Structures are given as structure tokens and as C-alpha cells.
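Q: The structure follows.
The values are calculated or read from the model by the stated rules, or taken from the named source; none is laboratory data. These figures come from a predicted structure and were not determined experimentally. Ideal geometry is used to build each Cβ from the backbone, glycine not excepted, and the neighbour counts take in all protein chains shown. The protein model used for the area step is the full one, side chains on, heavy atoms only, and it has no ligands, DNA or RNA in it. Shrake-Rupley method; radii C 1.70, N 1.55, O 1.52, S 1.80 Å.
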Amino acid sequence: MKSEKPSLRVSLHQRRRANPFTEGSRELFDLAGQGRIDVFFLGGAQIDGEANINLVRAGEKRFPGSFGSAFMYPVIPRTILFREEHSRRALVPRVEYVSARGDPAALLTGKALFSWQKEARRFRLESVHPGHTVDEIHADTGFGFDSPVSVLTTPSPTAGSWRCLRGRVAKEIAADYPEFAARVWGA
């Protein structure tokens, strides 16, 4: 039996030409509700230690809102929270406004990777990205988390992953986010 290579689709929901859905959000929500979306990346202005996210407001700053995140987060089996900024401003003890809550697969920041411990309802530090330290992660995280005695360094992507990221993914993202793609991948 021949193993099929999984397909890859980069969908930037807020941009029309990078959004494969012809009926907008309805199709996306239908696919999620049917269990046909495997992985969903969800960011937040604030993320807390209970895996709640805030997409609405922090202090005096107002954000676009949480359109659909309260549905998508708990429905999609592998939601990965992400926030490039790893600071006490972004990773807070408690979000100011709960836009969505769920049980993520992981939390990825610009400095570290955390897994989610569903029963304990806490994050666990899995690895620290090169150039950063465990002490720095503790100092820059506004919530408590578990940590093994010895924390791994996040491994570099494989050659194949780099080709995919610097090729197809960079090209698709550059169409809507050219400065980001140039800064991250040189695209």
C-alpha cells in the first residue's frame, strides 16, 4: 500500500486571495464542526497560564475581536497557540478579557515551546529556542508553568522543512505579508 503525502494548505482567513473558502467563514466553521480541520494556529494579544486567549482588549488598547475563535479553539483537536512576543505583557497571569478557552496542543513563542497538560491545566516547558535560557523564560513569562529538570534546546527544522517553509509557505505568505516573509525567510 502506497503512503500518501499529506496535503498542505496555507489559509490566511482575513485575506481574500489567500482564503480558499468561497463562502467565507461559514465553510471554515462547517469544516471545523465536521472534524475536517486537523491543526489550527491561534494567536492572542494576551495568553494566560490556563490557556485562555484575549483578542478583544488589553488596557486601553482595542483589537479586532475574537471572530470565531471561541468556536474553533475547542472544536479543532490540535490548536496550537502562538505569540512571537514572549513577555510578561503578552503571557499574563490572567487575560483581561477571555475571548476563547480550550485545551491547546501547545504554545509556541519566539523563545520557547510549551506543551499543555490537560489534567493539570498547566503549561509545561518542553524546549527553549537557541539563544535563550530557562531563566529568561521564567523571567519573561507572567504565569507559572512546569518544567523538567533538564530542558531541551528546540531542534532546528529538517532540511525538508526548511525547503517547504522558505519555498511554498514563504511564497504564499509573502503575497499578503511581504515584510514578514522578507524578515523571516528572505522571500
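Q: Using a Cα distance threshold of under 30 Å, what count of lysine pairs results for the chain when pairs must be 8 or more residues apart or interchain? Write down the numbers at each step before the final one.
A: On the way: Lys2/Lys171; Lys5/Lys171; Lys61/Lys111; Lys111/Lys171.
Qualifying lysine pairs in the chain: 4.
Q: Going by Cα centres, the stretch 116-187 and the stretch 71-114 are how many Å apart?
A: 13
Q: Evaluate E = 1/(1 + (r/R0)^6) for Glu119 and Thr154, where r is the Cβ-Cβ distance and R0 equals 22 Å; express this FRET efficiency to the nearest 0.05. Don't jump to the answer; show the numbers that get you there.
A: Working: r = 25 Å, r/R0 = 1.13.
Efficiency for this residue pair is about 0.35.
Q: With θ set to phi - 60° and the Karplus curve 6.51 cos²θ - 1.76 cosθ + 1.60, what are the ³J(HN,Hα) couplings of the stretch 53-59 in order, to the nearest whole Hz, using x for Gly and Pro?
A: With coefficients 6.51, -1.76 and 1.60, one gets 10, 10, 10, 10, 7, 9, x Hz.
Q: What ³J(HN,Hα) values, in whole Hz, does the Karplus curve 6.51 cos²θ - 1.76 cosθ + 1.60 give for the stretch 84-90 when θ = phi - 60°, with x put for Gly and Pro?
A: Ordered by residue, 3J(HN,Hα) equals 5, 6, 10, 8, 5, 6, 8 Hz.
Q: In addition: Over the stretch 84-181, what is the relative contact order in whole percent, taking alpha-carbon pairs under 8 Å and six or more residues apart? Please list the in-between numbers first.
A: Working: 113 pairs, mean separation 23.2, N = 98.
Across the stretch 84-181, relative contact order equals 24 percent.
Q: Which longest run of the chain has no exposed loop site in it, a site being GluC sites (Glu not before Pro) in a DSSP loop with at most 15 other beta carbons within 10 Å, and the site itself not part of the run?
A: Numbers: sites that count: Glu4, Glu23, Glu50, Glu60, Glu84, Glu85, Glu96, Glu119.
Between the exposed loop sites, the longest stretch runs 120-187.
Q: Projected onto the charge dipole of the stretch 107-187 (+1 at Lys/Arg Cβ, -1 at Asp/Glu Cβ, origin at the Cα centre), which of Pro148, Val169, Phe114 gives the Cα projection farthest towards the positive end?
A: Positive-most Cα among the choices belongs to Val169.
Q: Compute, for Ser150, the solvent-accessible surface of its heavy atoms (probe 1.4 Å) with the complete set of protein chains present, and express it in square angstrom to the nearest 10.
A: 90
Q: Compute the distribution of all C-alpha to C-alpha distances in the chain, in bins of 5 Å from 0, and list the percent of pairs in each, rounded to whole numbers.
A: For the chain, the binned pair fractions read 1, 7, 13, 17, 19, 18, 15, 6, 2, 0, 0, 0 percent.
Q: Below 8 Å, C-alpha to C-alpha, sequence gap of six or more: please give me the relative contact order for the chain in percent. All intermediate terms of the calculation are to be shown ahead of the outcome.
A: Working: 320 pairs, mean separation 32.2, N = 187.
Normalised by residue count, the contact order of the chain is 17 percent.
Q: Okay, next question. Amide H of Ala112 versus every other amide H placed in the peptide plane: which residues, excluding those fewer than 5 positions away on the same chain, fall under 5 Å?
A: Here the answer is His129, since their amide H atoms fall under 5 Å of that of Ala112.
Q: Okay, next question. Counting Lys and Arg as +1 and Asp and Glu as -1, each charge on the Cβ, what is the dipole of the stretch 47-121 about the Cα centre in debye, to the nearest 20? It would help to have the intermediate numbers written out before the result.
A: Working: 12 positive and 8 negative charges, 22 e Å.
Here the stretch 47-121 has a charge dipole of around 100 debye.
Q: Which of the trypsin sites (Lys or Arg not before Pro) found in the stretch 97-179 are loop residues per DSSP with 14 or fewer other Cβ atoms within 10 Å of their Cβ?
A: Numbers: sites: Arg101, Lys111, Lys118, Arg121, Arg122, Arg124, Arg163, Arg166, Arg168, Lys171; in loops: Arg101, Lys111, Lys118, Arg121.
Qualifying residues, ordered by number: Lys118, Arg121.
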